[in-house]
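K.L.:
This is the structure I want to talk about, given as structure tokens.
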Amino acid sequence: MTEKELISRLQSLKQIKPRENWAVFAKSRIFENNIIDNKSIKNSILSDILRGVFQKKLVYSFATFLFVVAGLFGFMKYGLPNKINSSLNETANIKIIQQYQENLVAIKSNVEDFKAKSKNLSQISKSSSPEYISLALREVNNVAKELANAISKDPKLAKEVALDINNSKTYLNVQGGDDLKETSNNLYKILDEQMIKDLESTTLTESQQEALRIAKDLYSQVKYSDALESILLLNMAIKNN
């Protein structure tokens, strides 16, 4: 083949065009491959993003769950018992106050009864028969025992009724009232004990401490009525100071 023939054939190759259906097919294959590759890339990226988001949500959800559980545990361990204890203490205090008020009302009623019956005894003893005097003595004796029992159960009541009881003792000096004298003496003793205890927990001046010492000496000498008078005078001095 000559040089001219070779050049001529090469130039003829330039004029060759692919068949239309082959060109379309090739182009579609290239485009399809690009789409597939793009889709794969996009799906891979989207999958990575979703995976990251899901993992973060899972971590956050788990952390939130732990936080809630810890909070509930702390509430159950510390919060709820404190509220319950506070509520129970408040209820208990209310009951104590109510009980004290009820006891105070009851004992003041007994004191009024004691005063009335003591005064009646004093009047009967001057002109009535021994039978009436004996009956009046028993009535006063029974009320004095009730007062002693009530104060023994709730010693805080002593200070509330001591003055009225002390002021009624002048009515109890009746011939033949030995049982009443013993009962009233026991009542004064119970009053002395509680009121001395209260004074010992109070800040006193030197003169007040001396007055308390005198009251204690009278108590130790079984002079309960005299000790009660000294204690009442000391309480008045403290109140007026």
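The values are calculated or read from the model by the stated rules, or taken from the named source; none is laboratory data. All values reported here derive from a predicted model rather than from experimental measurement. Because the Cβ atoms are built from the backbone with ideal geometry, glycine has one as well, and the counts that use them run over all protein chains shown. Side chains are part of the model used for accessible areas, which takes the heavy atoms of the whole protein and leaves out ligands, DNA and RNA. Shrake-Rupley method; radii C 1.70, N 1.55, O 1.52, S 1.80 Å.
K.L.:
May I ask which of 153/223; 115/145; 117/223; 115/223; 126/169 have a Cα-Cα span longer than 19 Å here?
P.N.:
Long pairs (Cα-Cα over 19 Å): 153/223; 117/223; 115/223.
K.L.:
Take peptides 191-200, 206-215 and line them up by average Cβ neighbours within 10 Å, highest first, as a rough protection proxy.
P.N.:
Per-residue Cβ counts within 10 Å, averaged per peptide and sorted highest first, yield 191-200, 206-215.
K.L.:
Rank-order 95-102, 129-136, 106-113 by packing density, defined as the average count of other C-beta atoms within 10 Å over each peptide's residues, highest first.
P.N.:
Averaged packing, sorted descending, gives the order 106-113, 129-136, 95-102.
K.L.:
Just to be sure I understand the model, the point goes 7 Å from the Cα along the line to the Cβ. What's the resulting residue 104 to residue 153 distance in nm?
P.N.:
1.8
K.L.:
Here is a further query. Please give the solvent-accessible surface of residue 205 in Å², to the nearest 10, using a probe radius of 1.4 Å with every protein chain present.
P.N.:
Rounded to the nearest 10, the figure is 60 Å².
K.L.:
Estimate the FRET efficiency between residue 142 and residue 166 by the formula 1/(1 + (r/R0)^6), using the beta-carbon distance for r and 30 Å for R0, to the nearest 0.05.
P.N.:
0.95
K.L.:
List the relative contact order of region 92-240 as a percent without decimals, with contacts defined as Cα pairs under 8 Å and 6+ residues apart.
P.N.:
The value is 23 percent.
K.L.:
Further question: How much length is gained if the chain between residue 213 and residue 112 is pulled fully straight, taking 0.36 nm per residue apart and subtracting their Cα-Cα distance, in nm to one decimal?
P.N.:
My answer for the length gained is 33.2 nm.
K.L.:
Still on this structure: Want the number for residue 206 to residue 220: 0.36 nm per residue separation, take away the alpha-carbon distance, what's left?
P.N.:
Taking 0.36 nm per residue and subtracting the Cα distance, the gain is 2.9 nm.
K.L.:
Further question: At R0 = 41 Å, how high is the FRET efficiency between residue 94 and residue 178 if r is their beta carbon distance? Nearest 0.05 is fine.
P.N.:
That pair, residue 94 with residue 178, gives E of 0.35.
K.L.:
Residue by residue, what Karplus-based ³J(HN,Hα) values in Hz, rounded to whole numbers, does region 197-210 have, using 6.51, -1.76 and 1.60 with θ = phi - 60° and x for Gly and Pro?
P.N.:
4, 5, 5, 5, 9, 10, 6, 10, 6, 4, 5, 5, 5, 5
K.L.:
I've got another one for you. How many angstrom separate the Cα center of region 140-155 from the Cα center of region 171-236?
P.N.:
Cα centroid to Cα centroid, the span is 16 Å.
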